[in-house]
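For reference, the structure is listed below as structure tokens.
The values are calculated or read from the model by the stated rules, or taken from the named source; none is laboratory data. As the structure is a computational prediction, the values presented were derived from the model and not from experiment. Glycine also receives a Cβ, built like all others from the backbone with ideal geometry; neighbour counts cover every protein chain displayed.
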Amino acid sequence: MTKKYHDIDMLPIDLLNDWLLKEKSVGAPNPSHAVLSTCTSNGLPHARVVAIREIDEQGLLFFTQRGTRKVNELHNNSFATMTFWFELQQRQIIIEGLAITLSNLDNERYWKTYPREAQVRFHSYAPTSAQPIVSKEVLENKKKQIEIEFDAKTLPVSPFYCGFRLKPSRMIFYAYRTDELSDVFEYRYIDEQWKKQWLSP
Ligand SMILES: Cc1cc2nc3c(=O)[nH]c(=O)nc-3n(C[C@H](O)[C@H](O)[C@H](O)COP(=O)(O)O)c2cc1C
């Protein structure tokens, strides 16, 4: 018989990590990507994929480029939603919360963990991220210039590099089932603790 989830008594962050690990163990090469949805202050939504770097009780950490739409929107309205879709297990997790800006010190700390090639790439595209460019060659030339300029030197933190931590206040777990009704439950953070309840699929 397929396992039911209502016996699970885990903190939602632990359950997210558990579902992530299971998705990986059944063959998903990189399930640590989520769709991040943000909204302008007048209510126009936009969504895109970001790589999730860390998940712990503090929240979900991701990095991006200053000047992009998501950063501008988060500065005006810090409420955001992240959606994970684990295709191999037919599971969805929706996380609502506040996106908190990382300090410059934290940004610097994470920047140093990147391989040099990733730092060079970031310096090349970040200032124009999501903006129109004449051709890709423009960026490739810029990348070559940076490689020459910094040759054996350490690359400084890009002024465009910035991280956010999404601090969840609501998490919805959806396990799609075809053998019977799907399992759906949500956790809400109320009075400094997580309250769980079942939802109808
Ligand atoms: C697999 C994948 C991973 C990505 N990871 C990131 C990321 O970690 N951070 C980021 O800013 N953009 C990432 N992007 C690009 C974003 O989806 C987006 O196109 C870009 O950041 C501009 O977003 P915006 O203009 O909506 O703010 C990724 C795209 C893909 C397809």
(request) State which residue pairs qualify: first residue of a type in the set (S, T, N, Q) and inside region 109-130, second residue within 11 Å of the ligand (Cβ to nearest atom) and modelled with pLDDT of 95 or more in any location, beta carbons under 6 Å apart, and separation of 6 or more residues or different chains. (result) S129/Q65; S129/T68
(request) Could you check, for region 62-76, whether at least one of its residues is away from the ligand (no atom under 16 Å from the Cβ) and among the β-branched types (V, I, T)? (result) no
(request) Test L105 against the stated conditions and say whether it is surrounded by fewer than 16 Cβ atoms within 10 Å (Cβ to Cβ) and within 30 Å of D183 (Cα to Cα). (result) no
(request) Could you tell me whether any residue of region 150-162 is modelled with pLDDT of 95 or more and within 20 Å of D56 (Cα to Cα)? (result) yes
(request) Filter region 102-118 for residues that are part of a helix (DSSP H, G or I), within 14 Å of the ligand (Cβ to nearest atom) and in contact with a strand residue (DSSP E or B) (Cβ under 9 Å, 6 or more places away or on another chain) and give the result. (result) N107, Y110, W111
(message) Could you check region 1-34 and list, in sequence order, the residues that are at pLDDT 95 or above, of a type in the set (D, E, K, R) and farther than 15 Å from L60 by Cα?
(response) K22, E23, K24
